[in-house]
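First the structure, in the form of structure tokens, and then the observations on it.
The values are calculated or read from the model by the stated rules, or taken from the named source; none is laboratory data. These figures come from a predicted structure and were not determined experimentally. With ideal geometry, Cβ positions are generated from the backbone for all residues, glycine too; neighbour counts draw on all protein chains shown. These accessible areas exclude ligands, DNA and RNA; they are computed on the full protein's heavy atoms, side chains included. Shrake-Rupley method; radii C 1.70, N 1.55, O 1.52, S 1.80 Å.
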Amino acid sequence: MTEIHSIRPLAAVLVSTLAIVGILASHRRPNVREGWSVAAALGTFGVVASMVPGVLAEDVYVTELGTFVFGVDFALHADALGTLFALLASFLWIITTFYSIGYMRGLDEHNQTRYFASFAASVAAAVGVAFASNLLVLFVFYELLTVATYPLVTHDEDAEARAAGRKYLTYTFGGGVAVLAGIVLVYWLAGTVAFTPGGIDGLGAADPMYARAAFALLAGGFGVKAALMPMHSWLPDAMVAPTPVSGLLHAVAVVKSGVFGISRVVLDVFGPETVADLGVGVVLAAVAAFTLLTASVIALRQDNLKRRLAYSTVSQLSYIVLGLGVGAYDSTGLALTGGLLHIPAHAFMKLTLFFCAGAIHVETHTDDISDMAGIGRRMPLTMAAFGVASLGMAGIPLLAGFVSKWYLLLGSVEAGYAAFAVALLLSGVLNIAYFWPIVYQAFFQTAADADTKPLIENPFGGKSTPSAVADGGPSSDDDRRSGPASDGESDNGPNAGIADGEEEYAVDRYPSDHMESDPRAVEDRQGEERDDESDERPDAGREHHGYDEKDSDAHHNHHGGPPVGGWERRSVRTESTWFMLGPISTAALGAVALGVVPHTAVFLQIVDLVVTGVMG
């Protein structure tokens, strides 16, 4: 391994940071503002990608910025593991930026300048997390990521969004406190917090009780953003945010920063050998196995599409953590390979799914799975991409999920923990159970002959009768959308329409992006809350990106579910704007490429390099 002193790790952080200034300065010219976002995304990816050949040749690019605090340097270094995360985040930011343009303009959202600026800040923080050279620098960027994403979670600025934001901050800052305590304990035990492939030497000889405590604090703190149970509940609530934000939370930055932090702890702080000697690897894997199975079962009962995807994320992230835990006992490195490869595999697949959910919402205002029978006629490309990503999530061959799960299965058996292999197989079956009905009914059913969705009947979920409640929600579309109460008073309180003893989450009340059903309510809200820069004409006009109001069911007084007479048949060219369909197709093709030619797609090459370096 050769260290190369270079400005490039710092430049990768600064490109998107400086773009924030351009985005804010261009608030009255939306096209210029979004041009800054696209340029920053391309620039950040270009800087990161320029280091990939050197990283594959086992070079490490280092930017030293002096002493941070006593005994700890403020330095950035682009090693193989950091480059894996940074390359993924920067590439997916490009397609998410284009998608965001179509999405935010398609809904004529308010505060678009704040949205794009916060997005740039989030990616800058994520790249900082990737290239941090030690635990303390990682902690700084990890907390900055929380701050940067908070305005995105609370974008709608209503009571539900603020409640979700408070919960998000409580959980993530609480996890940050645990991480900081773990960092202090590691420094006390080993005299350093610098990342070392294979682990810091001093920790192997430290008092096992204190070493286990340090591992628990670090893994638990990072496990909050990794959504390990029981620290997961902030994630489904955060689905009140716009769908591109959901993609950021689930696929690009936030939750991946959590599993990345655990990866650093297992591989570069304690090392697989010390993790195995302390006996904490099997505990970590057991928590992950419990989470991936439990979250999959909970996903079965969710009728709201974004909420089902949220619990799917909780489950899928635990595949990565399980690979890290089992990998401590697997001398072949297969489990580690599978866990790390699932970082990009899950990212491409889950981003595709969220992009599809957002396109469905923008075009039809449909958010509940039970209203989507036959929607493949209306949105053929979107639902085809959804089907591809769903199959990948279930681990079907020739898709990204199969390759990573194959390594995980083999590694679990090699490590002598066949029970974890069984858990992985069972989770795959559950993935099929909660994804396949969505795809099947989209293409092979109509509203007239659709069966009950989701699969599990009441009281656990589903709509067993026309008046039944799905996911704690109201019994009809009219009730769901805050119609007047029977006594003449407004029934729009936080638990309106919810039966006694049931808890309603923000995403249940406003299923996707807080879009009201009454067009006049939408106009009133936009008139009151929209920044003047978000609606400047003609720059912000939809004609600039191929969006036509008459092409969207959302602008025909259609408020969710199939219109009278069923879904209109549309072609790929007319189902939505290409600002949304292009990113959907790109993300889906990425999931296919990782399944068919994983080495050519670079990520597996980087993963192999990481595992080789750690295993010696």
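When the Cα gyration tensor is reduced to axis lengths a ≥ b ≥ c, the ratio a/c is 1.5 or higher for region 277-359, and with a/b not above b/c it is classed as oblate. Using alpha carbon centroids, what distance separates region 6-22 and region 230-257, in Å? Value for the Cα centre distance between the two parts: 24 Å. Across every pair of non-identical alpha carbons in region 55-111, the mean reciprocal distance, once inverted, gives a Kirkwood radius of 14.4 Å.
Summing charges over all other residues whose Cβ lies under 11 Å from the Cβ of Gly198, with Lys and Arg as +1 and Asp and Glu as -1, gives -3. Across the alpha-carbon set of region 198-347, the Rg to Rh ratio works out to 1.00, Rh being the Kirkwood radius.
How large a share of the accessible area of region 325-394, in percent, is made up of carbon and sulfur atoms when the probe is 1.4 Å and the other protein chains stay in place? With neighbouring chains kept in place, the figure for region 325-394 is 61 percent. Note that region 250-316 carries a Kirkwood radius of 13.3 Å, evaluated over its alpha carbons pair by pair. Rg and Dmax of region 141-268, based on Cα coordinates, read 16.0, 52 Å. Taking the alpha-carbon centroid of each part, what is the distance from region 310-333 to region 367-441 in angstrom? Comparing the Cα centres of region 310-333 and region 367-441, I get a distance of 16 Å.
Where q = 0.12, 0.18, 0.21, 0.22 Å⁻¹, what log10 of I(q)/I(0) comes from the Debye formula for region 91-146, counting one point per Cα? Taking Cα atoms of region 91-146 as identical point scatterers yields -0.35, -0.66, -0.78, -0.82. For region 3-111, which GluC sites (Glu not before Pro) are both in a DSSP coil and crowded by at most 15 other Cβ atoms within 10 Å? Those satisfying the criteria are Glu58.
A probe of 1.4 angstrom, applied to the heavy atoms of all protein chains, finds Lys167 with accessible area near 50 square angstrom. Considering only alpha-carbon pairs that sit under 8 angstrom and 6 or more positions apart, the relative contact order computed for region 80-185 is 26 percent. Working value for region 1-126: equivalent-ellipsoid semi-axes of 31, 16, 11 Å, each the square root of 5 times a Cα gyration tensor eigenvalue, largest first.
Relative to its residue count, region 152-214 spans a Cα convex hull of 100 Å³ per residue.
The Rg/Rh ratio of region 1-53, with both radii computed over alpha carbons and Rh defined as the Kirkwood radius, is 1.13. Over all directions, the projected convex hull of the C-alpha atoms in region 232-282 averages 4.2 nm² in area.
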